[in-house]
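What follows is a short report on a single structure.
The values are calculated or read from the model by the stated rules, or taken from the named source; none is laboratory data. Just so we're clear, the structure is a prediction, and the values are computed from it rather than from any experiment. Backbone-built Cβ (ideal geometry, glycine too); neighbour counts: all protein chains shown.
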Amino acid sequence: MKIPGNTFIVTGGASGLGLATCKRLVNLGAQVVLLDFNEENGKSVTAELGPKCTFIQCDVTSTESITAAIEQSEKLHPDNIRGLVNCAGVGGAILTLDRKKRPHDIGMFEHILRINTIGTFDVSRLTSAVIAKLPPLGKRIEGEGGIESGGGERGVIVNVASLAAFEGQDGQAAYAAAKGGVVGMTLPMARDLGRHNIRVMTIAPGSFETPLMTAAAESVQLGIKKGIAFPQEFGQGQEFAHLVTSIIENTYLNGTTIRIDAGARLAKL
Ligand SMILES: NC(=O)c1ccc[n+]([C@@H]2O[C@H](COP(=O)([O-])OP(=O)(O)OC[C@H]3O[C@@H](n4cnc5c(N)ncnc54)[C@H](O)[C@@H]3O)[C@@H](O)[C@H]2O)c1
């Protein structure tokens, strides 16, 4: 799918990887609707990115809030929403039994799954219903540069998992379960939505320099860097956003999870 002129919804777009994605999409000529529950950051991002980016406050743990935000997005961009990037998410590190042998707070486990997994699915199912109403775009191959031609598709959904889905570290039972859920839903959603010419992909980022990652203790950050092959640094938002736009542009990518991690493998702490 070509990026210029199309509209993409980006959840969690007020910070980190979502913010980098909004910036790249706008720079490439797309319109962006940024859904985030952080109103202050959302408004300052839209002030920075100008009229091609609209902020709508939304809590991805609430179906009511998502429904209202998507209805508003559709009114703003009728017949033009072609993609969704699900960046809203939270981390969390809680041992299954803590040092005093107290069990993991079950409310926290549920909270992490509700935002990362159920939130991702809820925004995806509701956005896909909007995309499915649109006519397909172009043909899959249209001469030179055909991979960007539209591919007969209606739209594309990009989810965000984590290396924790595969190599969850100590204290990541909830986060790894949440991101494992995102990886697991990718193929069945691609199969379901393929009936409507909508693709579904997931990105599993390694460690990126965002508020979520820089909040981790310095010892944890150093340990993570040791496990990276090359370059032995945290990734930058632009590198993540580059992969998002590559996925949007390449119609033959569907139903799978791509790691972007500089060869990192997470170790036991
Ligand atoms: N940064 C990393 O190294 C890294 C690594 C692997 C996976 N991830 C994943 O990437 C995604 C983005 O992470 P980030 O590092 O950019 O984090 P971030 O904290 O910088 O941004 C997350 C955004 O999501 C928003 N958000 C949180 N809960 C929400 C809710 N209920 N409704 C709406 N918005 C909500 C926050 O307000 C924030 O703007 C997350 O899913 C995270 O798990 C990040």
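Quick one: in the range 53-84, of everything that is in contact (Cβ under 8 Å) with a residue 60 or more places away in the chain and in a strand (DSSP E or B), which residue is surrounded by the fewest Cβ atoms within 10 Å (Cβ to Cβ)?
Ile81
Starting from the range 20-39, take each residue that is over 13 Å from Ile9 (Cα atoms) and free of Cβ contacts under 8 Å to residues at least 60 places away in the same chain and list its partners that are small (Gly, Ala, Ser) and outside any helix (DSSP H, G or I), counting only C-beta distances under 8 angstrom and pairs at least six apart or across chains.
Pairs found: Gly29/Gly5; Phe37/Ala88; Asn38/Ala14; Asn38/Ser15.
Could you tell me which of the residues Thr210, Thr186, Thr202 is within 12 Å of the ligand (Cβ to nearest atom), among the hydroxyl-bearing types (Ser, Thr, Tyr), in contact with a strand residue (DSSP E or B) (Cβ under 7 Å, 6 or more places away or on another chain) and farther than 29 Å from Pro103 by Cα?
Thr202
Of these, Gly223, Gly184, which one is part of a helix (DSSP H, G or I), of a type in the set (Gly, Ala, Ser) and farther than 22 Å from Cys87 by Cα?
Gly223
Here is a check on your reading of the model: is Gly180 more than 28 Å from Ile70 (Cα to Cα), within 16 Å of the ligand (Cβ to nearest atom), modelled with pLDDT of 95 or more and surrounded by fewer than 23 Cβ atoms within 10 Å (Cβ to Cβ)?
Here the answer is no, as Gly180 does not meet what is asked.
Output the residues belonging to the range 22-46 that are of a type in the set (Gly, Ala, Ser), surrounded by fewer than 21 Cβ atoms within 10 Å (Cβ to Cβ) and either at positive phi or assigned to a loop (DSSP other than H, G, I, E, B) (or both).
The answer is Gly29, and nothing else.
Out of all the residues in the range 7-21, which are surrounded by 24 or more Cβ atoms within 10 Å (Cβ to Cβ), more than 7 Å from the ligand (Cβ to nearest atom) and of a type in the set (Ser, Thr, Tyr)?
Hit for the range 7-21 is Thr21, nothing else.
Tally the residues that are over 20 Å from Lys75 (Cβ atoms) and either of a type in the set (Gly, Ala, Ser) or touching a Gly at 6+ places or on another chain (Cβ under 9 Å) (or both), restricting the search to the range 27-36.
1
Go through Ser73, Ser62 for me and flag whichever is under 30 Å from Gly107 (Cα atoms) and either over 16 Å from the mean Cα position of the chain (by Cα) or at pLDDT 95 or above (or both).
Ser62
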